[in-house]
Amino acid sequence: MVGVAAFVLLLFVNSGGGPGGYGGSASGSTTLSGAALFSANCASCHGVTGGGGVGPQLSGGAVLHDFPNEPDQVTFVANGRGIMPGFATALTPAQLKAVVDYTRTALSK
């Protein structure tokens with residue numbers, strides 16, 4: 001679970017850490033795709049393809065192993081746990097789902 005915690009911290013730090021950060025306005029007016037959100041917020045530590053680096057590997061099914069149920073992953077990213085802050089105020093629910101979907105589909109091939 002430490003790897004997942006690093007994923008969430010990375011998202012928070014690179015998203016601007018609160019409403020109006022890169023993830024868009026608090027009102028959720030942005031329509032960025034999961035890939036764009038991942039690229040802007042996660043790739044610097046997890047690698048462009050999610051292979052890891054500073055942050056843990058997300059690709060190759062690693063995130064599916066840590067979170068077999070998508071709603072659990074969305075909740076984790078939204079609320080955080082341990083040293084990981086939550087993203088519920090930094091990203092809209094749609095953005096949270098988009099980046100989670102991206103990690104579970106495109107990166108998990």
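Against the conditions (1) within 23 Å of LYS109 (Cβ to Cβ); (2) at pLDDT below 90; (3) over 13 Å from the mean Cα position of the chain (by Cα), THR31 satisfies every one except (1). Looking across region 85-97, just one residue is buried (at least 22 other Cβ atoms within 10 Å of the Cβ) and of a type in the set (Gly, Ala, Ser), and that is ALA90.
The values are calculated or read from the model by the stated rules, or taken from the named source; none is laboratory data. Since this is a predicted model, take the numbers as computed values, not measurements. Glycine also receives a Cβ, built like all others from the backbone with ideal geometry; neighbour counts cover every protein chain displayed.
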